[in-house]
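Structure, as structure tokens:
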Amino acid sequence: MIPKNLVLLGIGHTNAHIVRQWETNPIEGCELTCISKFATATYSGMLPGTLGGQFNDDEMRIDLDALCQRAGAKLILAETNGLDLKAGKVLFADHDAIPFDALSIGVGSMPAGWEMHAAAASLVPIKPMQTFLTRLNQRLETTQADTKQASKVAIVGGGVASVEIALCLLQHCERQQLSRQVSVEIFTSSDSVAEGMTQRSVRRIQRILASRGVRVTTGQRVTHVGDKFLETEDGSRYDAEVVIWATGAAAPPVLKQLNLQTDDRGFIATSKTLQSLTDPRVFAVGDSGTIVESPVPKAGVYAVRQCPVLWHNLRAFLLGGSMNAFDPQSDFLKLLNTGDGKALLQYGCITAHRRWCWHLKTWIDKRFVSEFQVDRRVDSSNQEAN
Ligand SMILES: Cc1cc2nc3c(=O)[nH]c(=O)nc-3n(C[C@H](O)[C@H](O)[C@H](O)COP(=O)(O)OP(=O)(O)OC[C@H]3O[C@@H](n4cnc5c(N)ncnc54)[C@H](O)[C@@H]3O)c2cc1C
């Protein structure tokens with residue numbers, strides 16, 4: 001019998017779970033192929049803490065080669081440039097087409113609007129996350145000229161990720177003992193930072209930022225980024241030698257090339273079963289997909305919650321059986337790393353900024369990522385055996 005092909009495009013929060021399941025419970029009569037742009041996947045929840053020096057770089061990374069080898073899956077490092085839906089193939093400019101019987105697309109998102117300023121030497125987009133710390137450090141180093149003035153870092157985007165990056169960047173610079181001090185300013189077109197969080201949490205975040213010397217400019221869209229400055233829509237000009245671009249999620253350009261129906265923001269439109277509205281063989285998960293009936297913010301928590309539904313539905317699709325619907329919950333525990341050994345916790349109407357919140361966040365994050373870190377799993381099972 002010719003085996004069926006399950007193909008995963010992008011191995012992020014949701015698709016990595018399928019590889020993990022495959023290790024112990026592969027789908028009968030099927031082969032698994034994983035396509036990734038990078039040899040590692042980065043766990044975003046630990047990126048700010050890694051920037052702040054709280055974790056080693058490899059603690060936030062998943063080695064995809066090791067993960068796939070252990071699952072008996074094929075890993076292909078390549079960038080797709082389209083789908084041939086009629087023939088059921090993923091297409092590439094520099095690799096043979098890969099046939100699929102079922103395809104799960106999880107290529108994440110990109111920060112909105114960064115490409116308009118791509119030519120500016122100061123620009124450091126937050127994605128790809130795999131290379132963010134290297135690109136940031138390179139840019140910070142070039143600003144360490146022989147002057148006493150503080151080096152100015154702008155963070156464009158006022159979401160919770162920007163807040164974490166700002167606070168952990170200060171921790172990073174303190175640890176690096178840079179020859180120049182660093183001043184950090186957040187620019188957001190919204191009325192406040194951390195929109196979507198409760199008023200109480202927002203006020204607490206504003207106080208934390210102020211106490212650490214992080215300035216915030218609200219209600220201003222950044223319209224131009226030059227090599228050592230940026231401009232906002234009211235025509236103001238600000239010095240900025242490093243501009244970290246961390247705006248909200250936008251559809252990655254590759255999604256346009258796939259000939260699949262999208263929502264009005266360019267993300268793949270799906271049903272509640274996570275299947276494309278264009279082709280039921282194609283699933284779209286995490287940031288890349290939008291369930292048109294019940295859209296949710298682009299957040300890793302939702303990508304993770306989709307894991308069991310995706311796994312069930314891929315099996316049902318390939319082996320026959322009924323599909324499950326993904327019903328997102330409306331609220332979830334939020335934990336922000338504040339770069340001072342503490343985290344800010346928000347759950348329902350509760351807000352707390354304490355050291356134990358950081359320990360809780362670290363425990364949750366490490367437990368999640370270690371599931372996919374093959375070497376660490378081998379180490380811990382060896383320890384248990386001893
Ligand atoms: C700094 C930061 C902190 C965050 N913290 C949190 C948090 O604490 N909690 C939370 O809920 N959310 C958080 N988020 C949001 C969260 O990262 C995303 O919602 C989540 O990563 C989405 O998961 P995903 O699987 O869709 O995509 P990703 O995890 O981004 O995975 C996509 C993968 O696909 C790969 N890829 C991209 N393009 C291609 C291509 N063309 N071909 C093949 N592979 C490709 C990428 O390299 C990547 O490995 C944070 C985001 C940032 C930027």
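Throughout, read-outs are computed from the coordinates displayed, never taken from laboratory work. It should be emphasised that the depicted structure is a prediction, and the values quoted were computed from it without experimental measurement. Using ideal geometry, Cβ is built from the backbone for each residue, glycine included, and neighbour counts are taken over all protein chains shown.
Taking 0.36 nm per residue of sequence separation and subtracting the Cα-Cα distance, how much length would be gained by fully extending the chain between residue 237 and residue 138, in nm to one decimal?
That works out to 33.2 nm of additional length.
Post the alpha-carbon centroid distance, the range 114-141 to the range 33-65, in whole angstrom.
Each part reduced to its Cα centre gives a spacing of 17 Å.
Suppose R0 equals 22 Å. What FRET efficiency, 1/(1 + (r/R0)^6) with r the Cβ-Cβ distance, do residue 327 and residue 292 give to the nearest 0.05? Before the final figure, lay out each step's value.
Numbers: r = 14 Å, r/R0 = 0.64.
The formula returns an efficiency of 0.95 here.
Determine Rg/Rh for the chain; Rg is computed over alpha-carbon atoms and Rh is the Kirkwood hydrodynamic estimate from the same atoms.
On the way: Rg = 21.5 Å, Rh = 22.0 Å.
Reported Rg/Rh (Cα atoms, Kirkwood Rh): 0.98.
Name the trypsin sites (Lys or Arg not before Pro) in the range 10-99 that are in a loop by DSSP and that have at most 11 other C-beta atoms within 10 Å, would you?
Loop-located and lightly packed - 86.
Please give the residues of the range 287-318, grouped as numeric ranges, whose backbone N is less than 19 Å from a label point set 7 Å along the Cα-to-Cβ vector of residue 261.
Flagged as within label range: 288-296.
Using a Förster radius of 25 Å, what is the FRET efficiency between residue 217 and residue 181 based on their Cβ-Cβ separation? Nearest 0.05, please.
Step by step, r from the Cβ atoms, then E = 0.80.
Multiplying the sequence separation of residue 119 and residue 355 by 0.36 nm and subtracting their Cα-Cα distance, what value in nm do you get?
Answer, rounded to one decimal: 80.9 nm.
Based on Cβ point charges of +1 for Lys and Arg and -1 for Asp and Glu, what charge dipole magnitude is obtained for the range 113-248 about its Cα centre, in debye rounded to the nearest 20?
Details: 16 positive and 14 negative charges, 102 e Å.
Rounded to the nearest 20 debye, it is 480 debye.
Are there any trypsin sites (Lys or Arg not before Pro) in the range 302-343 that are in a DSSP loop and have at most 16 other Cβ atoms within 10 Å? List them by number. If you can, show how the numbers build up before the last one.
Working: sites: 305, 315, 334, 342; in loops: 342.
Those that pass, being in a loop and sparsely packed, number zero.
Between the range 194-248 and the range 336-357, how many Å separate their Cα centres?
Comparing the Cα centres of the range 194-248 and the range 336-357, I get a distance of 21 Å.
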